[in-house]
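Below is one structure, written out as structure tokens; comments come after it.
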Amino acid sequence: MESEPTSTTPVAVPRTELPVDVNDLPTRLDSSTRQPVTPFSPLTHVLILTSILGPVALFPYLAVRRHLLSIHRKIGEVGAVSAVLQRDLKTALLEASIRREEHERLRALIDETRRDVEKVKTEENKRELARATVNERMRRDLEDLMVERQKTRAGLSTLRDLSSSLADIAAFMHEVEVQQGFVSRKNDGRGIERIRQLAYKLQGLPVQREGIREGYHRRRLFFVGSDWE
């Protein structure tokens, strides 16, 4: 009878952890793998801190600087605009002063012109009053002249009729003298010849009447601008 092979199973050996001292680790390392530990210098610390904190502090500075530059640029623009406005204001004030002076001169000229116009109106009114007075006086004179003319015309008509009557009387007397045989002499200042001379003079009076009419027309032409007919 064959015997069955026996199987061997590994037996678990309990591990026992030994206490390890941390301080003893460097002594256990190989001398070839050990590296020297060098401490950092203060300058290195400063450079590290600067490299870390520099960008953090630089960003706000750059933002503030850009904002300040923008403010300075805006202030410059405002200053330029203010300078332009001041220049325009000075120009406007100068123009206003010039216009004020021109307005004052124009007002003085208008006042002087108004006074001259009032003076001319006053003188024209005086002239019109004087002209009306003269026209009224001359109208009365012309009316008197017309009355005188009517009287003169009536008197001349009477004298002309009288001259005809005297001529008839002289002719009758001449006929009577001829019938009675009387001979009249020339240049006799009495009698029929005298009556004839008087009648002849009276016949010449219409010429004087025409002279009166011409004088009347001359006096009418003296009134230029008169409305009296």
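The values are calculated or read from the model by the stated rules, or taken from the named source; none is laboratory data. This one's a predicted model, so the numbers in the text were calculated from it and none came from an experiment. All Cβ positions, glycine included, derive from the backbone under ideal geometry; neighbour counts span all protein chains shown.
Brief remarks follow.
- Take the conditions (1) of a type outside the set (D, E, K, R); (2) in a helix (DSSP H, G or I); (3) at pLDDT below 70; residue 159 misses just one of them, which is (3).
- Those residues of the stretch 126-156 which are among the polar types (S, T, N, Q) and surrounded by 13 or more Cβ atoms within 10 Å (Cβ to Cβ), in sequence order: 135, 152
- Residue in the stretch 100-118 that is hydroxyl-bearing (Ser, Thr, Tyr) and at pLDDT 90 or above present: yes
- Tally of residues being without any contact (Cβ under 8 Å) to a residue 40 or more places away in the chain and closer than 22 Å to residue 201 by Cβ across the stretch 122-176: 18
- Check on residue 64, assigned to a helix (DSSP H, G or I), at pLDDT 90 or above and surrounded by 10 or more Cβ atoms within 10 Å (Cβ to Cβ): no
- Some residue of the stretch 130-140 being more than 40 Å from the chain's Cα centre (by Cα), among the hydroxyl-bearing types (Ser, Thr, Tyr) and assigned to a helix (DSSP H, G or I): yes
- For the stretch 134-154, the count of residues that are hydroxyl-bearing (Ser, Thr, Tyr) and over 30 Å from residue 199 (Cβ atoms) is zero.
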